[in-house]
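As structure tokens, the structure follows; a few thoughts come after it.
The values are calculated or read from the model by the stated rules, or taken from the named source; none is laboratory data. Note that the structure is a prediction, hence the values are computed from the model and not measured. Here the Cβ is made from the backbone with ideal geometry for all residues, glycine too, and neighbour counts use every protein chain on show. Accessible surface areas use protein heavy atoms only, side chains included; no ligands, DNA or RNA. Shrake-Rupley method; radii C 1.70, N 1.55, O 1.52, S 1.80 Å.
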Amino acid sequence: RYEPTWGSLDARPLPAWFDEAKFGVFIHWGVFSVPSFGSEWFWWYWQKEKRDPYVKFMKANYPPGFSYEDFGPLFTAEFFDPNQWADILKASGAKYVVLTSKHHEGFTLWGSKYSWNWNAVDVGPKRDLVAELAISVRNRTDLHFGLYHSLFEWFNPLFLEDATNGFKTRKFPTSKSLPELYEIVTKYQPEIIWSDGNGNAPDTYWNSTGFLAWLYNDSPVRDTVVTNDRWGVGSICTHGGFYTCSDRYNPGHLLPHKWENCMTIDKRSWGYRRNAQLDDYLTVEDLVKELVETVSCGGNLLMNIGPTHDGRIAVVFEERLRQVGAWLQVNGGAIYGTTPWRAQNDTVTPDVWYTFSPKEGKVNAVFLSWPVSRTLELGEPRAKLGETQVKLVGYKELLKWVALGEKGMIIALPPLTPKQLPCQWGWTLQLTGIN
């Protein structure tokens with residue numbers, strides 16, 4: 001059994017499914033999807049920081065005295081079709097999904113008994129959005145279902161009182177935050193608990209180690225659940241299951257501990273923005289590059305979309321997800337279930353990233369631009385005449401190559417028209433018999 005200490009909890013092996021999955025989709029959805037302006041931090045920027053664009057936006061579009069709580073009933077979700085969401089998630093090639101069950105605004109997407117009249121069953125959609133998505137994902141896909149949960153809430157009076165007392169009192173975690181965590185685990189059995197928002201309080205205030213000990217010892221998901229590292233001040237990148245270290249974290253080199261790169265397709269926001277321009281969205285080339293780099297360095301990619309207040313996944317997000325899925329249909333062998341190779345990227349040609357498939361004993365070299373010369377020079381592999389074979393994934397015949405002394409090789413790519421290429425946005429070479 002695990003003790004409620006970091007020493008004991010950190011020794012728990014990460015369930016294998018998470019490392020094998022490599023790719024998940026993050027969904028930021030909540031009352032912030034109603035103003036859908038600027039950022040999911042709308043309430044904080046408008047009321048606390050009083051940032052000019054937010055104040056002006058409210059003045060121009062809403063009556064005086066309109067409060068953030070008044071957005072609650074406008075979070076309607078009338079077009080939310082959990083089956084359609086599940087089908088898009090499946091088509092993306094993702095192996096897990098993480099939904100914001102509650103963001104820093106405190107609004108829960110399930111009918112929490114600890115969030116009276118500030119939840120999706122009492123206000124707005126009048127539906128248990130967490131349950132509906134969980135059921136569809138489990139019925140229609142093989143994705144693991146996970147939940148994001150914010151420890152703190154910006155304007156909760158109990159939290160503010162505890163903060164004023166220098167966190168010597170613990171009214172908020174004992175009556176709100178912790179009961180909610182136990183509630184979502186017992187009710188929805190998520191296989192990922194993605195914690196966030198420490199409110200500048202230590203993990204002892206949140207009793208994070210107590211909760212995690214229960215999660216790993218006695219909860220219904222004790223054998224399969226994975227957790228991140230955001231459990232109080234000082235725990236990020238140090239304690240917990242996988243490390244997130246920061247938002248959009250992509251170190252570009254191998255890390256000794258399992259990590260995740262959580263990032264957004266919309267470069268500026270996690271929540272939906274009605275005023276986003278096309279330039280604000282990452283292209284599919286950007287996303288494939290991010291995925292390949294992350295996996296080569298031992299990480300998982302968690303790619304975020306922000307649905308609309310009425311429950312739609314905007315067409316641009318759907319297109320990006322389906323494009324990544326189409327790429328993975330061809331190149332998934334270089335991503336899923338792989339381990340990092342001895343080299344992460346090539347020393348001679350830029351934008352070539354390596355992974356290793358342990359079951360087949362193959363080295364995968366993913367190259368992101370097709371060379372004009374139709375020859376690709378690799379500086380890392382040690383090739384052997386009569387042993388080494390090179391295959392372009394999605395193309396039948398073996399490729400010709402020559403070795404460059406001790407290390408390195410030049411590979412002749414086949415003469416293909418754009419229509420004949422096995423895929424777009426990046427290609428995989430499978431190398432066997434590489435020393």
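A few points about this structure:
- Residues within the stretch 158-207 that are touching a Pro at 6+ places or on another chain (Cβ under 9 Å) and assigned to a loop (DSSP other than H, G, I, E, B), tallied: 5
- Taking the criterion of being touching an Asp or Glu at 6+ places or on another chain (Cβ under 8 Å) and more than 27 Å from Lys258 (Cα to Cα), the residues of the stretch 350-378 that qualify are Ser369, Leu378.
- Every condition in (1) at positive phi; (2) surrounded by 20 or more Cβ atoms within 10 Å (Cβ to Cβ) is met by Glu260 except one, and the failing one is (1).
- Residue within the stretch 5-23 that is open to solvent by less than 10 Å² (accessible area, probe 1.4 Å) and among the charged types (D, E, K, R) present: yes
- Scope the stretch 304-340; condition buried (at least 22 other Cβ atoms within 10 Å of the Cβ) and assigned to a strand (DSSP E or B); matching residues: Asn304, Ile305
- Matching residues in the stretch 59-91 - criterion: being at positive phi and either of a type in the set (A, V, I, L, M) or part of a helix (DSSP H, G or I) (or both): Ala77
- Residue match in the stretch 268-287 (condition: surrounded by 20 or more Cβ atoms within 10 Å (Cβ to Cβ), part of a helix (DSSP H, G or I) and among the acidic types (Asp, Glu)): no
- Test result for Ile135, under 22 Å from the mean Cα position of the chain (by Cα), farther than 29 Å from Phe42 by Cβ, among the β-branched types (Val, Ile, Thr) and outside any loop (DSSP other than H, G, I, E, B): yes
- Selection status of Val123, surrounded by fewer than 23 Cβ atoms within 10 Å (Cβ to Cβ) and under 25 Å from Glu180 (Cα atoms): yes
- Thr76 being in the same structural domain as Thr244 (by the TED database), open to solvent by 10 Å² or more (accessible area, probe 1.4 Å), over 30 Å from Val288 (Cβ atoms) and among the β-branched types (Val, Ile, Thr): yes
- Residue in the stretch 417-426 that is of a type in the set (Ser, Thr, Tyr) and more than 20 Å from Leu301 (Cβ to Cβ) present: yes
- Odd one out for Ser112, checked against (1) of a type outside the set (Phe, Trp, Tyr); (2) under 26 Å from Asn217 (Cβ atoms); (3) under 17 Å from the mean Cα position of the chain (by Cα): (3)
- Residue check, Phe80 under 21 Å from Val315 (Cβ atoms) and touching a residue at least 24 places away in the same chain (Cβ under 8 Å): yes
- Condition check for Lys56: at pLDDT 95 or above, part of a helix (DSSP H, G or I) and open to solvent by 60 Å² or more (accessible area, probe 1.4 Å): yes
- Matching residues, the stretch 367-409, being among the aliphatic types (A, V, I, L, M), assigned to a loop (DSSP other than H, G, I, E, B) and open to solvent by 70 Å² or more (accessible area, probe 1.4 Å): Val372, Leu385
- Among the residues listed as Gly24, Gly38, the single one being in contact with a Lys or Arg (Cβ under 9 Å, 6 or more places away or on another chain) and either polar (S, T, N, Q) or under 22 Å from Gly146 (Cβ atoms) (or both): Gly24
- Members of the stretch 32-53 that are surrounded by fewer than 20 Cβ atoms within 10 Å (Cβ to Cβ) and of a type in the set (A, V, I, L, M): none
- Candidates Asn165, Asn250, Asn198, filtered to the one that is closer than 21 Å to Val25 by Cα and open to solvent by 10 Å² or more (accessible area, probe 1.4 Å): Asn250
- Residues of the stretch 291-307 that turn out to be over 12 Å from the mean Cα position of the chain (by Cα) and under 13 Å from Val352 (Cα atoms), as a count: 5
- Search result, residues across the stretch 297-327 that are touching a strand residue (DSSP E or B) at 6+ places or on another chain (Cβ under 9 Å) and aromatic (Phe, Trp, Tyr): Phe317
- The set of residues in the stretch 208-229 that are touching a residue at least 60 places away in the same chain (Cβ under 8 Å), open to solvent by 20 Å² or more (accessible area, probe 1.4 Å) and either assigned to a loop (DSSP other than H, G, I, E, B) or of a type in the set (Asp, Glu) (or both) comprises Asp223, Thr224.
- Scan of the stretch 288-303 for residues that are among the small types (Gly, Ala, Ser), open to solvent by less than 10 Å² (accessible area, probe 1.4 Å) and either assigned to a helix (DSSP H, G or I) or over 18 Å from Val25 (Cβ atoms) (or both), ordered by number: Ser296
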